[in-house]
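Notes for the one structure printed next.
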Amino acid sequence: MRFACSEAMKKIDDYCISKIGISELVLMENAALKVLNNLSLKNDNFFVLVCGTGNNGGDGFAIARHLFILNKSVRVFFIGSLEKISESCRINYEILKNMGVSIHSIISSEDIETLKFEVMMADVVIDGILGTGIKRNVTGIYEMVISVINENSKYILSIDVPSGLDSNTGKKLGSCIVSNKTVTFQLYKKGFLTYGASDYLGDVIVENIGIPEEAAERFCESEFIIDRNFVQDNIATRDKYSHKGDYGSVLVFAGSNEYVGAAYICSMGAARSGAGLVTLCSSKDILNILREKLTEVMTVSFEDSDRIQKLMEKSKAIALGPGMGNTENTFNTVIYVLKNAKCPIVLDADGLNVFSGKLNMFNCENRGIVITPHLGEMSRLTGLTIDFIKENRISTAQNFAKEHEIIVLLKGYNTVITDGITTYINPTGNSAMASGGMGDCLTGIIAGFIAQGLSPLVAAAAGAYIHGLSGETLSKNMFSVSATELLREIPYTIHEVTSDKKLEPHH
């Protein structure tokens, strides 16, 4: 599913109207009908609609008309000047008046009190005040109306975007409707992906209002939200004649005396995601601890340079960094691997930390580098503050990926995966997964998918989706999910997504 900024949405609308010939009124009517589909018409009977002067308000007037025809109790309020009303909004306003529906203009404090009374009585309040084009802070009577709605409503549905939310940045513009549900049209809005935006959105439903895909492709960037279809399309069904050699080999550089678990989790992440062969390279002390546990993973010591070189030549993917420690030995290992590897590399944790202040190290011949930083690691790499990155996650990841010609997977809520040209947002995962080792597991999964033939960008996107979905599935029955539990769930999740079966946790 694509996501878009407000400027792209305006261009799409204009193209549909001026070039294709779909009238604005047709789009407005389609939008109104889609909102109706998201109302509980069997259970709710009293609706208050608050409409502004733009097309968002026009949608609201059209919805009010349909509710009135369905014999629902409808109260309609208008905020703004009739002199500034858009043409399509005016038409729906006039139709509603001609049908005998009263429209109360909100001008004075008395009107605010009337609104408050009706809102308190309503089953549902429908917000059609401000649309996606708003850029300035909400003030004056608009701010008062939004406060009344937020403080007195049983249930709020917003049309396209909660009034007062910047649909590009996800920021509250002074005052903002706090919705229970947002029915947005055609494309997910870019600002909805920002940290904190979900506080205002409620459940987000994306409804198709009859805009051809060709129009979206013409004006949208290559920016997508990952879904099951994406994973199904990219992870091939296994051929009955296949053998382990067909699914690639992964070489994992991981672990130290302080972080033995990272080596285990990353290696098993690669194995459980389906890689044909996985070899862990670590110190002798670590390998002595792990050999009995890693029954499905081969091992090689850091000291065995000749064997490491041969393994690197045969590997289809390398995972590098989890639990290695931010030391000179780690630095030297990373440099050696970057200079000598002929396959894609997934860099995580201390494999990234050694780059702080040394970003020129990315300038190697290998153009299949995937980095998987969390916010703190991204801050150290870029010199930007964590707060800035939080507010500009997509652009920060895109700019860094483009500048260094690498793939960035910026972890966190709505993980960003980008090569600077194409961007994916991962919607899966939840806070039950907030525990140590999750990133190590993800690094292994991505390396495992690369080894099986996926491009590094697609492997990172599909890996993030499977990783998050495995955690979501487990969290149905678990308060918190450990990386060890997740490792057991991964192959079930991959199987069920690729075969489109119902997901249930496995134990």
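What follows draws every value from the coordinates through simple rules; no lab data is involved. Every value quoted in this text rests on a predicted model; they were computed, and no experiment measured them. Positions of Cβ are backbone-derived with ideal geometry, glycine not excepted, and every protein chain shown enters the neighbour counts.
Data overview
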read-out	value
Mean separation of Cα contacts under 8 Å, 6 or more apart, over the residue count of segment 396-496: relative contact order %	25 percent
FRET E, pair Asn399, Ser455, Förster distance 22 Å, beta-carbon r, rounded to 0.05	0.55
Gained length - Asp203 relative to Met298, 0.36 nm times residue gap less alpha-carbon distance	29.6 nm
Angle between the chain longest axis and helix 483-498 axis [Cα atoms, degrees, rounded to 10]	70 degrees
Set of aspartates and glutamates near Lys284 by C-alpha distance (under 16 Å), chain-local residues within fewer than 8 positions excluded	Glu258, Glu292, Glu303, Asp304, Asp306
Peptide ranges 340-349, 461-470, 148-157 listed from the most packed, as the mean C-beta count within 10 angstrom indicates	461-470, 340-349, 148-157
Ranked by how many other beta carbons lie within 10 Å on average, peptides 444-455, 1-12, 383-394 from highest	444-455, 1-12, 383-394
At 1.002 mPa s and 20 °C, Stokes D of the chain from Kirkwood alpha-carbon radius, µm² per second	86 µm²/s
DSSP beta bridge pairing in the chain, given as percent antiparallel to the nearest 5	15 percent
Residues in segment 23-56 reached by a label modelled at Ile141 [backbone nitrogen below 15 Å; 7 Å Cα→Cβ]	50-54
Normalised contact order of the chain, rounded percent, pairs of Cα under 8 Å and 6 or more residues apart	12 percent
Highest-first arrangement of 27-34, 271-278, 41-48, where packing means the average Cβ count within 10 Å	271-278, 27-34, 41-48
Within straight-line cross-link reach of Lys181, aspartates and glutamates at Cα separation under 13 Å, skipping those fewer than 8 residues along the same chain	Asp127, Asp160, Asp199, Asp203, Glu207
Theoretical gain in end-to-end length, Lys390 to Asp14 [0.36 nm per residue, Cα-Cα removed]	132.1 nm
Which listed pairs, of Lys244/Lys339; Lys11/Lys171; Lys34/Lys476; Lys10/Lys411; Lys154/Lys390; Lys244/Lys293, have C-alpha distances above 24 Å, in listed order	Lys244/Lys339; Lys34/Lys476; Lys10/Lys411; Lys154/Lys390
Reach of Lys97 by Cα under 18 Å, taken over aspartates and glutamates that are not fewer than 8 positions away in the same chain	Glu29, Asp59, Glu83, Glu87
Crossing angle, helix 24-37 versus the chain [Cα axis fit, 0-90 degrees, rounded to tens]	70 degrees
In degrees, nearest ten, helix 393-404 long axis to first principal axis of the chain (Cα)	40 degrees
Förster-model FRET efficiency, 22 Å R0, Ala432 and Tyr195, C-beta, rounded to 0.05	0.75
Residue-span extension gain [Asp44 to Glu258] - 0.36 nm each, minus C-alpha spacing	71.2 nm
Normalised contact order of segment 3-221, rounded percent, pairs of Cα under 8 Å and 6 or more residues apart	22 percent
